[in-house]
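This report concerns only the one structure given below.
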Ligand SMILES: O=c1nc[nH]c2c1ncn2[C@H]1C[C@H](O)[C@@H](COP(=O)(O)OP(=O)(O)OP(=O)(O)O)O1
Ligand SMILES: [Mg+2]
């Protein structure tokens with residue numbers, strides 16, 4: 001089915017398109033509109049619901065999916081967490097992805113515990129009373145220096161010991177197999193395969 005994804009981030013669309021190949025992933029930008037929604041929730045899950053409800057209200061009640069994700073670092077008490085996209089920014093200033101991960105590396109200087117997890121909260125939203133949330137993680141450690149040019153965001157500094165590489169050094173396929181988004185998206189895919197017909201929306 002066609003799934004409207006409530007995001008302004010094209011990387012998320014491209015990843016979900018590969019993770020959910022039998023569905024067509026469409027973002028507001030594909031329809032000629034922008035997507036700007038304030039993320040006022042206190043958790044990934046609240047923010048994914050806020051984004052989904054926001055787009056659902058503008059999409060004639062069609063089912064919508066939304067992703068709220070981020071990087072939680074143990075030595076920083078879970079920061080940047082739900083603020084990952086705004087890390088180091090205050091009102092009126094904006095930082096590039098590179099500036100954000102460089103700030104993260106500075107904030108971790110001298111810390112021995114570099115354990116971290118990417119988190120993805122993915123909601124399949126039918127209406128305000130019916131939705132299904134899939135929340136997954138991908139564990140890794142924050143590298144000493146960036147490596148690789150694939151992916152987006154914090155990928156160059158997220159090292160996955162099992163692969164011996166950073167997320168930005170993996171192919172798209174490899175990333176989607178192990179990432180927080182890949183795991184949450186695959187769970188949604190299986191859910192739609194086995195339960196989709198019963199929802200009355202597929
Ligand atoms: O696979 C990933 N690889 C690297 N970095 C990632 C990943 N997944 C999330 N991240 C980081 C990027 C951003 O700093 C934040 C997401 O913030 P988040 O608000 O969910 O997304 P966003 O603002 O880019 O787009 P939107 O809210 O329109 O969906 O976490
Ligand atoms: Mg955002």
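Here, each number is a calculation from the coordinates, and none is a lab measurement. Source: prediction; values computed, not measured. Ideal geometry is used to build each Cβ from the backbone, glycine not excepted, and the neighbour counts take in all protein chains shown.
State all residues of segment 34-52 that are part of a loop (DSSP other than H, G, I, E, B) and either within 8 Å of residue 68 (Cβ to Cβ) or within 13 Å of ligand 2 (Cβ to nearest atom) (or both); if no residue qualifies, say none. Even if it seems obvious, please write down each step before you answer.
Here is the first cut: in segment 34-52, the residues part of a loop (DSSP other than H, G, I, E, B) are 34-43.
Selection gives 34, 35, 36, 37, 38, 39, 40, 41.
Please verify whether residue 92 is more than 16 Å from ligand 2 (Cβ to nearest atom), over 16 Å from the mean Cα position of the chain (by Cα), over 16 Å from residue 181 (Cα atoms) and surrounded by fewer than 20 Cβ atoms within 10 Å (Cβ to Cβ), treating the condition exactly as stated. Lay out the reasoning, then the answer.
Details: more than 16 Å from ligand 2 (Cβ to nearest atom): yes; over 16 Å from the mean Cα position of the chain (by Cα): yes; over 16 Å from residue 181 (Cα atoms): yes; surrounded by fewer than 20 Cβ atoms within 10 Å (Cβ to Cβ): yes.
Here the answer is yes, as residue 92 does meet what is asked.
Exactly one residue out of 124, 152, 132 is within 16 Å of ligand 2 (Cβ to nearest atom) and either closer than 15 Å to residue 3 by Cβ or out of contact with any strand residue (DSSP E or B) (no Cβ under 6 Å at 6 or more places or on another chain) (or both), and it is 152.
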